[in-house]
Structure formats: structure tokens, C-alpha cells
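Let me begin by presenting the structure, written as C-alpha cells, before commenting on it.
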Amino acid sequence: MEAPDEELMRAYRNGDAAAFETLYARHRARLYRFVLRSVKSRAVGEELFQEIWLRVIESRARYTAQARFTTWLYTIAHNLLVDHWRKRGLTLVALEGDEAPGSSPDPADQTQARESLERFAAALQALPPLQREAFLLHEEGELSVAEIAAATGSNEGAAKSRLRYAMAKLKAAMSDG
Amino acid sequence: MDDERDPRLTKHYRELEPLEPPRELDRKILAAAREAAVRPAGRHRWYYSLAAAATLVFAVALTLHVERERPDAEMSPTASVRGEIKPATPAESKPAATAQAKSADSAREEIPRFAPDPQAAAAASRTEALRSEAPQMRAEQAERRAERAAAEPRAAADQAKAMAMPSRAAGAPPAAPENPARWLERIAELRSRGRHAEADRELAAFRKAYPDYPLSNVMRERVEGTPAPAAQ
């Protein structure tokens, strides 16, 4: 039976480097995708990805297993992403349809997209940042609505609403084909 | 919808480009994690360790300081105070007297801090009273001693010898009534050394032997161990 994340994190906090390696192997790919699909540039995404793990390492003494490790990890990721978005001047306070648009793909590319997967990818990139984040936390982090709310510092109603809007837009993009 | 997923949506999402962090990035992060694992976790632990060490050092230093100071305070404040008015031998120099005065000063300052018991406080109070008259007493003593030395060189030599061996001189009762001045000096010496019971006995014997011997205020204070009455 595999050790739970929380136990591994406690072991790492107590000096067990191997526990961190297991934890990292378990979450690296999902977190990497979450970050890279939240930003435009791969270089920026990789920088943020590294920074998130360094924060985990530095914060190990303060880690308490009151919440799931995944929620804690994605909370750190969210905070760094918010900093990144703010630096880029993106507005994050608006909700739903009024929310600032994300990086819209070129409409010409969009219309030329023949594969539904491509349309799906384009729709994901076109989502407003907070909706996209809610969807990615749901898919990559496997967080519940309550956990999404906790990780993003919002309430459950807002988290649920963001997720709902994101899923509706993505479904619409798939149906367009 | 809460935590329900749309399988079609999830399937589409999973079919997107399978992104993986590059090996170089993995290597950097794992190296940082390994390096951190050998250090104590977090600034808080480091901070508390340092604070604990600083507290320990402070406590040890304070204890050592108190231990060093205590003998002075416990060495009977009266002893150090009376040491100041101890009759000076002819060989005593002025710097020595100054040092004694300084010692008395420091005792007076330290007593309330390290020996706050009533006895010590009373002693400190006596010290203060005595100290204020010390220069006058020293002058009187020096004058008397000079007179005695001129008149009784041998007695002065005996006295110096008695000072050099205070326990024997102070402890041995006189076989016969001796020179009253010397006797008083010996009683004062006993008093200054805190041997009050002996001093009291000797003083009683002295008064029996010389009931009418006039005592100056200073001498009375020295042999009785009480502050001198107001000047007459």
C-alpha cells in the first residue's frame, strides 16, 4: 500500500529526502500541466513550476496535515500564478462572463482548426484565467469544488460557478465540430 | 454538478499534448530538496534554537556573576564594612586605605541587591553611618597610634603582631588586666571580625576591670558595634 501524500510530506519535513522524491514523482506531471496551461509561455511556466516546488521545500516546517497535500500544493501554485497574472496586468476579480478574457487564440486559427482536440485546446486557452484555473484544478489536481475554493481563497459558490462556466464553454467548443 | 465530472470532457482533456517537465528541471528540484533535507527544517526551528542557546548563555553568565558576587555580600557585610575602620597598622599605606574604602563602597552598593535580608540591610545601614565618619575615625586612630608608638614602642610591636595573627590574639583572653587602650583595640578588632559574642565578653571584662575608663564616641562605637550617639 502506498504511503499517503501527507505522510510523505511529514517524513520529508523530518529529513527524509526519499519521501520527497516519491511525492514529486507522484505530482510532477499534473502540476506541470496545470502551470503550463495557465500561462502563455513555456519558459515562464517552467520557472513557475520550479518556484512552486522550491516553496514546498522551504515551507516544509510549516506544513500541517490539516488539509490534503494536493490542496496545499495547488494553493501555493495558485498564489504564484496570481502574482504572475497581476504582474502581467490581468484583472482577476471579475466573475463569469464579465471576467477578463484569457489569451484568445487567433480567430483565423480557430476557424481553421479541424480537429476537435485542437478546438478543445483553443477553447481552454481562451478561458478567463480563473475559470481555466478552476477547470485545471478539477482535472489535474483532482480537487473538489470545496478544495478549489480553499486553494484559490474564494468561496464555494464562486468556485462552483467558475467551474461550471469553464465546462460549459469547453463542451460548446467540442460540439462545434 | 459539484464533484461530478463530464467523462467526455475529461477524455478530451487527457488527449491533449502530454506535457512532462524536462529531466533537467526534475534534477534541479530534487537536488534542492535533498540539500534542504540535511538542514534543520525551516527558519522557525533555527530561530528557536538560537533563542534557547542565547537564553542558556545568559543564564550561565548571570549565575556565574551572582556566584562571584555572593561571597562579598555573604562575607558578612559588617566584616567588610568594619574592615574599613579596622585600626590601621603603622605599615598601612594610603592606597590600601583607599582600596578598603572602595571595597566598603561596593559592599554598600551590592548588599541591597544580593543580600536583601533584614540583618544585611541593618548592616548596610550601619555601614553607611560608619562610612560617613570613617575619615575622622581614621585620623583619630592614626593620631592615637602615633602617640602610643612614641610612648610604647614595644606595645606597638605587640599590636602589630596581634594584627598579623588575629585569631590567636583575638581568641586568647588576657591573663591579667592589660593596657586598656590595647585591650579596647583588641575588642574593636574582634567586633570588626564579626566575633560579637567574644567582643561582648571582652567588653564586659574590660568594664569590670576599668569601670571608669573614658570612652570616646568613636571608640564606643567600635567596641560596642552600634552607631555613635550624637555629638555631645
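So which residues in segment A:24-37 are under 24 Å from A:A149 (Cβ atoms) and within 12 Å of chain B (Cβ to nearest Cβ)?
Within segment A:24-37, A:H27, A:R30, A:L31, A:Y32, A:R33, A:F34, A:V35, A:L36, A:R37 meet the criteria.
Quick check on segment A:62-69. Is at least one of its residues modelled with pLDDT of 90 or more, within 17 Å of the chain's Cα centre (by Cα) and facing chain B (nearest Cβ under 8 Å)?
Scanning segment A:62-69, I find no residue that is modelled with pLDDT of 90 or more, within 17 Å of the chain's Cα centre (by Cα) and facing chain B (nearest Cβ under 8 Å), so the answer is no.
From the list B:D6, B:D72, B:D26, B:D105, which residue is modelled with pLDDT of 50 or more and more than 12 Å from chain A (Cβ to nearest Cβ)?
Result: B:D72 is the single residue among B:D6, B:D72, B:D26, B:D105 that is modelled with pLDDT of 50 or more and more than 12 Å from chain A (Cβ to nearest Cβ).
Answer with yes or no whether B:A59 is at the interface with chain A (Cβ under 9 Å from one of its Cβ atoms) and at pLDDT 80 or above.
The answer is no for B:A59.
Given the conditions (1) of a type in the set (F, W, Y); (2) crowded, with 21+ Cβ neighbours inside 10 Å; (3) under 22 Å from the mean Cα position of the chain (by Cα), and given that A:Y24 satisfies all but one, which numbered condition is not satisfied?
Unmet for A:Y24, out of (1) of a type in the set (F, W, Y); (2) crowded, with 21+ Cβ neighbours inside 10 Å; (3) under 22 Å from the mean Cα position of the chain (by Cα): (2).
How many of the residues making up segment B:197-224 are farther than 15 Å from B:R186 by Cα, out of contact with any Asp or Glu (no Cβ under 8 Å at 6 or more places or on another chain) and loosely packed, with under 14 Cβ neighbours inside 10 Å?
Summing the residues that are farther than 15 Å from B:R186 by Cα, out of contact with any Asp or Glu (no Cβ under 8 Å at 6 or more places or on another chain) and loosely packed, with under 14 Cβ neighbours inside 10 Å in segment B:197-224 gives 5.
With the requirement that a residue be among the hydrophobic types (A, V, I, L, M, F, W, C), surrounded by fewer than 18 Cβ atoms within 10 Å (Cβ to Cβ) and within 15 Å of the chain's Cα centre (by Cα), what does segment A:149-177 give you?
Hits for segment A:149-177: nothing passes.
Could you check how many residues of segment A:28-80 are aliphatic (A, V, I, L, M), free of Cβ contacts under 8 Å to residues at least 60 places away in the same chain and farther than 18 Å from A:L136 by Cα?
6
Given the structure, is A:G102 more than 14 Å from chain B (Cβ to nearest Cβ), at pLDDT below 90 and more than 17 Å from the chain's Cα centre (by Cα)?
no
The values are calculated or read from the model by the stated rules, or taken from the named source; none is laboratory data. Remember, predicted model here, so these are calculated numbers, not experimental data. As a convention, Cβ positions derive from the backbone with ideal geometry for all residues, glycine included, and neighbour counts pool all protein chains shown.
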